[in-house]
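> What follows is a single structure, and I will ask about it in a moment.
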Amino acid sequence: PAGAFSSPPPADDSTSPTADDSSALPLPSTYITCGKCKSLFAISSADLGAHGKGRRVKCSVCDNSWYQSRDRLLDIPTQTHELLPLPKSDLERIAKNLEREESADYVGVFKLYVGNLDWNVKEEDLKEFFESGVEGGGEVCDVSIVRGEGGRSRGFAFVTFYEEEVGRKALELNGKECNGREISVREPNN
């Protein structure tokens, strides 16, 4: 599966897989990167076949294909990072970007700060709130809830829109209720 590197979670994180988690596959010590969408894939030398210098591989995110040689496998820095699955929202954003002929890592043109969020609000909640709340509709490109070291929401997020006009209309949602809280919507300071 596609993934991204992240600093490891705190030791008391009960949601992370453990060594005796029977649902987890053994993680190879090497990975490759798609040159088009930059997704990372854990892969071993054996996955490239028994004969030859390598083989053709295909990205499951953007369908890009390339020849991957054994000598170009990269080591996973397991002492400082772990490979995590790419969230569904990121996979959907990448697919939509490629459909729109944008680069895979494109995150929109108009960013808003959203504050006073409920601690339990999810990225999907904010995406739906903004897409359904903007008069005339509009597409949210990316939602990023800012989280503390333990993974808990810090109560604010950044929402980015594909079109500036839609983002400006979303400013009208300032003071509206989302998950039981009156939220603050404004342009970010930077």
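> When you go through (1) in contact with a helix residue (DSSP H, G or I) (Cβ under 7 Å, 6 or more places away or on another chain); (2) open to solvent by less than 40 Å² (accessible area, probe 1.4 Å); (3) free of Cβ contacts under 8 Å to residues at least 24 places away in the same chain one by one for Ser103, which number turns out not to apply?
The single condition Ser103 does not satisfy is (2).
> A further question on this structure: Examine region 158-179 for a residue that is basic (Lys, Arg), farther than 22 Å from Asp105 by Cβ and touching a strand residue (DSSP E or B) at 6+ places or on another chain (Cβ under 8 Å), and state whether such a residue exists.
yes
> Inspect all residues belonging to region 101-122 and state whether any of them is part of a helix (DSSP H, G or I), touching a Cys at 6+ places or on another chain (Cβ under 7 Å), closer than 30 Å to Gly180 by Cα and not acidic (Asp, Glu).
Checked region 101-122: no residue is part of a helix (DSSP H, G or I), touching a Cys at 6+ places or on another chain (Cβ under 7 Å), closer than 30 Å to Gly180 by Cα and not acidic (Asp, Glu).
> Test each condition in (1) of a type outside the set (Ser, Thr, Tyr); (2) more than 17 Å from the chain's Cα centre (by Cα); (3) buried (at least 18 other Cβ atoms within 10 Å of the Cβ); (4) under 24 Å from Pro87 (Cα atoms) for Leu173 and report the one that comes out false.
Unmet condition: (4).
> Specify which of the listed residues (Asn64, Asn97, Asn116, Asn120) is farther than 28 Å from Arg152 by Cα and surrounded by fewer than 18 Cβ atoms within 10 Å (Cβ to Cβ).
Asn64
> So, of the residues in region 123-137 that are in a loop (DSSP other than H, G, I, E, B) and either touching a residue at least 60 places away in the same chain (Cβ under 8 Å) or on the phi < 0 side of the Ramachandran plot (or both), which turns out to be least open to solvent (accessible area, probe 1.4 Å)?
Val134
> Also: When you check Val185 against the structure, is it modelled with pLDDT of 90 or more, more than 30 Å from Gly35 (Cα to Cα), assigned to a loop (DSSP other than H, G, I, E, B) and open to solvent by less than 20 Å² (accessible area, probe 1.4 Å), yes or no?
In short, no.
> How do the pairs read when you match residues in region 27-46 that are free of Cβ contacts under 8 Å to residues at least 40 places away in the same chain with residues anywhere that are open to solvent by 50 Å² or more (accessible area, probe 1.4 Å) and of a type outside the set (A, V, I, L, M, F, W, C), using Cβ under 8 Å and keeping only pairs 6 or more apart or on different chains?
Pairs found: Ser44/Ser29; Ser45/Arg70.
The values are calculated or read from the model by the stated rules, or taken from the named source; none is laboratory data. Computed from a prediction, not measured in an experiment: that's the story for all the values here. Heads up, the Cβs are rebuilt from the backbone with ideal geometry, glycines too, and the neighbour counts pull from every protein chain shown. Surface accessibility is based on the protein's heavy atoms, side chains included, excluding ligands, DNA and RNA. Shrake-Rupley method; radii C 1.70, N 1.55, O 1.52, S 1.80 Å.
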